[in-house]
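For reference, the structure discussed in these notes is given below.
The values are calculated or read from the model by the stated rules, or taken from the named source; none is laboratory data. As the structure is a computational prediction, the values presented were derived from the model and not from experiment. Cβ atoms come from the backbone with ideal geometry, glycine included; neighbour counts cover every protein chain shown.
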Amino acid sequence: MINEQTSYRVRFAPSPTGHVHLGSARTALYDYLIAKKTGGQFILRIEDTDRKRLVEGAEEELINGLHWLGIDWDEGPLKGGPYGPYRQSERKEIYQKYARQLVEKGWAYYCFCSTVRLKQVREEMQKQKQPPHYDGSCRTISLEEAEKRIENGEPYVIRFKTPKEGKTVVNDLLRGEITFENKNLDDYIIVKSDGWALYHLAATVDDHLMKITHVIRGSEWLPTSPLHHLIWQAFEWNEPTWVHLSVFLKPSGKGKMSKREAVQLSNDGYSIFIKDLEDLGYLPEAVNNWIALMGWSYDDHTEYFTLDDLVEKFSLEKLNPSPAAINFSKLDHFNKMHIKKLSERELAERISPFFKKNNIDAPIDQLEKIAPALKERIITLDDSVEMCEFLFKEDISHEPDALLIRDISLERSKEISEKVIEVVRSIETWTLASIEEQITAYMEKEALEPRQLLSYLREAISGQRITPPLFDCMYVLGKEKTISRLEGSREILAAL
Ligand code: GLU
């Protein structure tokens, strides 16, 4: 039984080395949920000690992504907190101090091997069909000698002195005990020659100093978990609870997603990157709902969750360690669900930026009028642009043939295109009900079918075959613009 009575301190510790993807967003979400649920704290820590891999703008993208998802942190960049700084690049001296402690305790040692030597060692091991690892030649250098060599300016790294025999057992909340043979582990580098601590040391020290109770992270970190466990032991600190989440599989359910497949996905209008999902017109509510259920479930049927619902219902106990396939049709499904829950005003406000991005001036009040019709029809917010841009454009164009009314003569088509303008002109109060009433009455009078008259009107006012319901469109377009478009179409027909 997992104790969720005490408050948890959890951290999301991304490295700003690229775009924020679904896996990171899910970790952050679970961290946020369990912190809120237990009345604890969610800490955002930027793990940027690997200076070579830093990507400019990645931290900003990360922060924007979390803001967009509504995943707010209690301590971290922009907020501060009692255990800061929360950016590892501002904590270099702290790690150096603790690395030194490990050396003094005999759990780590200075290593002066050159890259040339290390390469030779690796090649030799490969020849002997051994998995490449460090041969430990600097293990026996005394601290005194090592200090002298450092003083003389010799470059060095610090390595962890991993036991050569026995086993290391990591206890994972979801997976139970995982046993690693120490002979398969290496004397991993914990401080590099440029003086920067590696993630393994930096994260351990920070998790301790920041009083983290639960480390929730992707299962790609399982292979390094024995090293982390050993570092915790070396310091004689109380370890946090380890929670390694399920991996994400590509939509087919077979294997992890490759870079090439991610590109293909974007050609299909999907993406595994948070910033793209925003641009594609997915709601953060839907993304949260979707990723929450990739590795967790509440019961076997509830699927709609708001962020507040998730805070109330989430628990580590129901996490599922089995791999989860990324299913984009589910995302579409959740997006539709969450769009339907928006008020008309909210939907108008959410779609408005998509019109702006396409340089279409679409007033919010107008968008609000068409919102009820859109709610039933769009999958992404972006869909609304293609569906409705004709409402806001000055000019639309037609394929003349598309204006021909089906199954009647050209002469009669011309005549109808003329008469229907009069009908529209005669509508005194421009409401949805009166538009519908008068057009329907006229259609009956002329013994026309909807597929004849309404299809003509749709093409005439929009230049599109697919639009929201016709009467809604006429209503939002306004009487004057509707008439002028009908006149334009009449001219085209007349010239045929
Ligand atoms: N900095 C690591 C990353 O980029 C964090 C791993 C962890 O949460 O311990 O994912």
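Some notes on this structure:
- Residue within the range 254-271 that is within 10 Å of the chain's Cα centre (by Cα) and among the hydrophobic types (A, V, I, L, M, F, W, C) present: no
- Scope the range 20-37; condition under 14 Å from the mean Cα position of the chain (by Cα), within 10 Å of the ligand (Cβ to nearest atom) and not small (Gly, Ala, Ser); matching residues: Thr27
- Subset of the range 11-37 that is crowded, with 21+ Cβ neighbours inside 10 Å and over 20 Å from Val287 (Cβ atoms) - its residue that is modelled with the lowest pLDDT: Pro16
- Qualifying positions in the range 223-237 - part of a helix (DSSP H, G or I) and in contact with a His (Cβ under 8 Å, 6 or more places away or on another chain): Thr224, Ser225, Leu227, His228, Ile231, Trp232, Phe235
- Condition met for Thr224 (more than 17 Å from the chain's Cα centre (by Cα) and over 30 Å from Phe112 (Cα atoms)): no
- Single residue of the range 439-496 satisfying the filter (surrounded by fewer than 17 Cβ atoms within 10 Å (Cβ to Cβ) and of a type in the set (S, T, N, Q)) that is nearest to the chain's Cα centre (by Cα): Ser484
- Subset of the range 211-230 (residues that are within 12 Å of the ligand (Cβ to nearest atom) and either under 28 Å from Gly39 (Cα atoms) or in contact (Cβ under 8 Å) with a residue 40 or more places away in the chain (or both)): Ile212, His214, Val215, Ile216, Arg217, Gly218, Ser219, Trp221, Leu222, Ser225, Leu227, His228
- Any chance Asn64 is away from the ligand (no atom under 12 Å from the Cβ), at pLDDT 95 or above and polar (S, T, N, Q): yes
- Residues of the range 137-193 that turn out to be within 34 Å of the chain's Cα centre (by Cα), small (Gly, Ala, Ser) and closer than 28 Å to Ile94 by Cα, as a count: 0
- Residue match in the range 41-53 (condition: in a helix (DSSP H, G or I) and within 12 Å of the ligand (Cβ to nearest atom)): yes
- Residue that is nearest to the ligand (Cβ to nearest atom), among those in the range 240-257 that are in a loop (DSSP other than H, G, I, E, B), closer than 26 Å to Glu181 by Cβ and touching a residue at least 60 places away in the same chain (Cβ under 8 Å): Val247
- Within the range 25-41, residues that are under 21 Å from Phe248 (Cα atoms) sit with their Cβ atoms under 8 Å from residues that are away from the ligand (no atom under 14 Å from the Cβ) and of a type in the set (Asp, Glu), at 6+ positions apart or across chains, in these pairs: Tyr32/Asp72; Ile34/Glu4.
- Filter result for Leu78 (out of contact with any Cys (no Cβ under 8 Å at 6 or more places or on another chain), assigned to a loop (DSSP other than H, G, I, E, B) and not charged (D, E, K, R)): yes
- Residues in the range 258-270 that are among the small types (Gly, Ala, Ser) and either in a helix (DSSP H, G or I) or within 16 Å of the ligand (Cβ to nearest atom) (or both): Ala262, Ser266.
- Filter pass, Leu174 being more than 16 Å from the ligand (Cβ to nearest atom) and surrounded by 15 or more Cβ atoms within 10 Å (Cβ to Cβ): no
- In the range 82-113, the qualifying residues are those that are of a type in the set (Gly, Ala, Ser) and touching a residue at least 12 places away in the same chain (Cβ under 8 Å), and the one that is farthest from Thr17 (Cα to Cα) is Gly106.
- Residue selected from the range 178-211 under the condition within 25 Å of Gln130 (Cβ to Cβ) and among the charged types (D, E, K, R), by the criterion modelled with the lowest pLDDT: Lys183
- Single residue of the range 4-40 satisfying the filter (of a type in the set (A, V, I, L, M) and part of a loop (DSSP other than H, G, I, E, B)) that is farthest from Leu293 (Cα to Cα): Ala13
- Residue within the range 10-19 that is farther than 25 Å from Glu278 by Cα, among the aliphatic types (A, V, I, L, M) and within 12 Å of the ligand (Cβ to nearest atom) present: yes
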